[in-house]
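Take a look at the structure below.
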Amino acid sequence: MSHAGWAVALALHVLSAVVWVGGMFFAYMAMRPAVVQVLQGGQSLELWNRTFERFFRWVWVAVVLLPLTGYWMVYSMFGNLATAGIHVELMQGIGWFMILLFLHLYFAPYQRLRQALERGDAEQAGASLGQIRMIVAANLGLGLIVVVIASAGRLL
């Protein structure tokens, strides 16, 4: 791959990670505490639903671009995963686990949240939001680990 092609792949890869991990950091560390302080029950549930609608569109883009650009870079630069280094293998494994967690979040608790809000079932919506919060916390932790591995992995 040319240097320009590699630069585009790397830029898309890093931007995708920043959008996904940064979005989770913002939602979990800044928005969640503010929502709890300012809004009551139904209002906060609807705000989260509308926020997730928008954020998950970007996460879907990241979920597609991260493996595509990651494998493109690995195979164009190293030829295969075995020669890429343990840090790349760790990023790949953790990344796929993060994607699986997101898929579960999207197709299970997020869909239950949406359906509960449509029915006006605030109790079920709150329970679903609690499940989403736990998965986001786990994925945020994993995402931050990947960021450390990506930035310092070759030095280890």
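Structural remarks
- Based on the reciprocal of the average 1/r between different C-alpha atoms, the Kirkwood radius for segment 73-156 equals 14.7 Å.
- Shape analysis of segment 1-71 places it in the prolate category; the axes a ≥ b ≥ c from the Cα gyration tensor give an a/c of at least 1.5, with a/b above b/c.
- From its DSSP helices (H runs of at least four residues, each -39,500 (n - 2.57)), the chain gives a residue-normalised ellipticity at 222 nm of -29500 deg cm²/dmol.
- Screening the chain for DSSP H helices whose Cα atoms reach 18 Å or more along their own axis and whose mean Kyte hydropathy is at least 0.0 gives 3-25, 41-77, 86-107, 122-152.
- Over the chain: Kirkwood hydrodynamic radius from C-alpha pairwise inverse distances, Å: 16.8
Throughout, read-outs are computed from the coordinates displayed, never taken from laboratory work. Only a predicted model underlies this, so the values are computations on that prediction, with no experimental measurement involved.
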